[in-house]
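Trainee: Let me give you the structure first, and then I'll get to my questions.
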Amino acid sequence: MDHFDLCIVGAGVVGIAIAEVFSRREGAQASIVLLEKNARAGQEISSRNSEVIHAGLYYPPGSLKARLCREGSALLYAFCEHYSVAHRRLGKLIVAQADELLALEALAANAQHNGVHNLSWLDAVALREREPLLQAEAALFSPDTGIVDSHGLMETLLTHALDRGVTYAPRTRVLRALPLAEGFEVQTLTGSADQPYRFGCRRLVLAAGLEATALARQVEGFPETRIPSMRLLKGNYFRLGGASPFRHLVYPLPEQQRQGLGIHATLDLQGNTRFGPDVEEIAQVDYGVNPERRELFAASIRRYYPDLNAERLQADYAGIRPRLQTADGSAGDFLVLDSSHHDLPGLVSLFGIESPGLTASLALADMLAHCPDLQR
Ligand SMILES: Cc1cc2nc3c(=O)[nH]c(=O)nc-3n(C[C@H](O)[C@H](O)[C@H](O)COP(=O)(O)OP(=O)(O)OC[C@H]3O[C@@H](n4cnc5c(N)ncnc54)[C@H](O)[C@@H]3O)c2cc1C
């Protein structure tokens, strides 16, 4: 049976970042394999998001999201600058109407607790100087929020990992993993093969995005009680035809119960504007965008951009959040389970890696590099 030092399941931005960080730290002598069920890397959550580099304003202080977003944003900007991955530090405005000023103050305080100290408060006049078409009573300006070419990022990370000897196997689905005396036997099915392929690995990382809970169930000995419940929350996007009305990213305040960040305006690197994502609970993976949601979008957007011509909104794409079940329905924290949770030394599995997972990816990979289960 072939044997690898480290097997990573899932070539989304998180799995690829883990392959990059571990291959950088451990060098070519470590044998690392990265498995992906699709024909290409990064086709799921990682290519269906807003491509925003978040600054870390929203997350509960002390949470993994708060820490890894802040650390990840710095690492990501440095990586993009060093390796010429397209990105722009556009800055973001979080706008509040008259009845939302207390909520805006609370958000500013939360950001301070998270170590984000460079926000500025804009009154209505200062806001109009920056964005004449926005209507709001006040806004917070976050200079370190930006955008990144997520595909360029993943390609660059993957190229680095491959150059350092990582074995990459697309079209390879992990079916099962069985604990051995040391490490695991992993069973996979590649392409149209009718027989599973089996290999051994000493360390195993599951970064399976939307399939995280299903895959954990295929690991023999993974306690069912430790596998979280997960919901699929679709986020639809509409693009705005024509020139962008904004120069910054524009966000309303987060939705009630923190289901989502509110239907916001982001710009891509070509300067196109898109609005979204909204929050739609779905029973199974489905990326279609219902054009009839346009009126719902228009109503939300007009709260801060009253001149919107809804005719310019076109259904675009959708992404799906792997939302972990929490008592109040709000987005929980990233969940990282190691052998202190499941008694399977050498196994680390990731759950609920929704936003800001793109921003946090390099910091999350660095954190795993310090995890006792994943030491060489
Ligand atoms: C609508 C939306 C907007 C977002 N906006 C932002 C944003 O602006 N900024 C930000 O920082 N974050 C954002 N995020 C979050 C970010 O996109 C995700 O956190 C991140 O992409 C998750 O990456 P991943 O590698 O965990 O998952 P994925 O990209 O889904 O990768 C998991 C991979 O595992 C593979 N896989 C699954 N099961 C198996 C198996 N059994 N065998 C082999 N392969 C398998 C899948 O095919 C997939 O390629 C957003 C998310 C959504 C849904």
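Taken together, the values in this text are just the output of simple stated rules run on the coordinates, not laboratory data. Just so you know, these numbers come straight off a predicted model, no measurement behind them. Cβ placement follows ideal geometry from the backbone for every residue including glycine, while neighbour counts extend to all protein chains displayed.
Trainee: If only Cα atoms are counted, what is the Rg of segment 272-376, and what is its Dmax, in Å?
Mentor: Every Cα atom of segment 272-376 included, Rg and Dmax give 19.1, 58 Å.
Trainee: Right, something else. Rounded, prolate or oblate for segment 62-127? Axes are the square roots of the Cα gyration tensor eigenvalues, ordered a ≥ b ≥ c, and the cut-off for rounded is a/c under 1.5.
Mentor: Numbers: a/c = 3.29, a/b = 1.59, b/c = 2.07.
Oblate.
Trainee: Which of these, 165, 352, 62, has the largest mean-square fluctuation under a Gaussian network model of the chain (Cα springs below 10 Å)?
Mentor: Comparing 165, 352, 62 in the GNM, the peak value goes to 62.
Trainee: Looking at 157, 133, 291, which one has the Cα that reaches farthest to the positive end of the dipole of the chain (charges on Cβ: Lys, Arg +1; Asp, Glu -1)?
Mentor: Highest projection toward the positive end goes to 157.
Trainee: Another question, then. Note the full-extension length gain between residue 307 and residue 218 as 0.36 nm times their separation in residues minus their Cα-Cα distance, in nm to one decimal.
Mentor: Residue separation times 0.36 nm, minus the Cα-Cα distance, leaves 26.9 nm.
Trainee: What would the Debye equation give as log₁₀ I(q)/I(0) for segment 136-286 at q = 0.20 Å⁻¹, counting only Cα atoms as equal point scatterers?
Mentor: -1.29
Trainee: Sticking with this one: Just to confirm the number: angle between the C-alpha axis of helix 64-83 and the first principal axis of the chain, 0 to 90 degrees, nearest 10?
Mentor: 90 degrees
Trainee: For residue 289, what charge total do you get from the other residues with a beta carbon under 14 Å from its beta carbon, if Lys and Arg give +1 and Asp and Glu give -1?
Mentor: 0
Trainee: What order do you get for 268-277, 217-226 when each peptide is scored by the mean count of other beta carbon atoms within 10 Å, highest first?
Mentor: Put in order of decreasing packing, that is 268-277, 217-226.
Trainee: Per residue, how much space in cubic angstrom lies within the convex hull of the C-alpha atoms of the chain?
Mentor: 138 Å³
Trainee: Also: Against the globular-protein guess of 2.2 N^0.38 Å, express the Cα radius of gyration of segment 142-214 as a ratio, rounded to two decimals.
Mentor: In units of the globular-protein estimate, segment 142-214 measures up at 1.46.
Trainee: Which of the cysteines in the chain are isolated, no other cysteine C-beta under 4.7 Å?
Mentor: So, 69, 80, 371.
Trainee: How far is helix 13-26 tilted, in degrees, relative to the longest principal axis of the Cα atoms in the chain, given as a value from 0 to 90 rounded to the nearest 10?
Mentor: Tilt of helix 13-26: around 50 degrees.
Trainee: So, one more: What is the packing order of peptides 147-154, 237-244, taking the mean over residues of other C-beta atoms within 10 Å and listing the highest first?
Mentor: Most protected by this proxy first, the peptides run 147-154, 237-244.
Trainee: Roughly how far apart, in whole Å, are the Cα centres of segment 140-210 and segment 217-281?
Mentor: That distance is 23 Å.
Trainee: Something else about it: Which one of 357, 79, 308 is farthest out on the positive end of the charge dipole of the chain, using unit charges on Cβ (Lys, Arg +1; Asp, Glu -1) and the Cα centre as origin?
Mentor: Going by the Cα projections, it comes out as 79.
Trainee: Helix-only estimate, please: 222 nm mean residue ellipticity of the chain, summing -39500 (n - 2.57) across DSSP H runs of length 4 or more and dividing by its residues, to the nearest 500.
Mentor: Result for the chain, helices only: -8000 deg cm²/dmol.
Trainee: Helix 101-113: angle to the longest alpha-carbon principal axis of the chain, degrees 0 to 90, nearest 10?
Mentor: For 101-113 against the chain, the angle is about 40 degrees.
Trainee: List the pair-distance distribution P(r) of segment 40-181, using every Cα-Cα distance, as the percent of pairs falling in each 5 Å bin from 0 up to the bin containing the longest distance, rounded to whole percents.
Mentor: With a bin width of 5 Å, the distribution comes to 2, 9, 14, 15, 16, 13, 11, 7, 5, 4, 3, 1, 0, 0.
Trainee: Another question, if that's okay. If Lys and Arg each add +1 and Asp and Glu each add -1, what is the summed charge of the other residues whose beta carbon sits under 10 Å from the beta carbon of residue 156?
Mentor: -3
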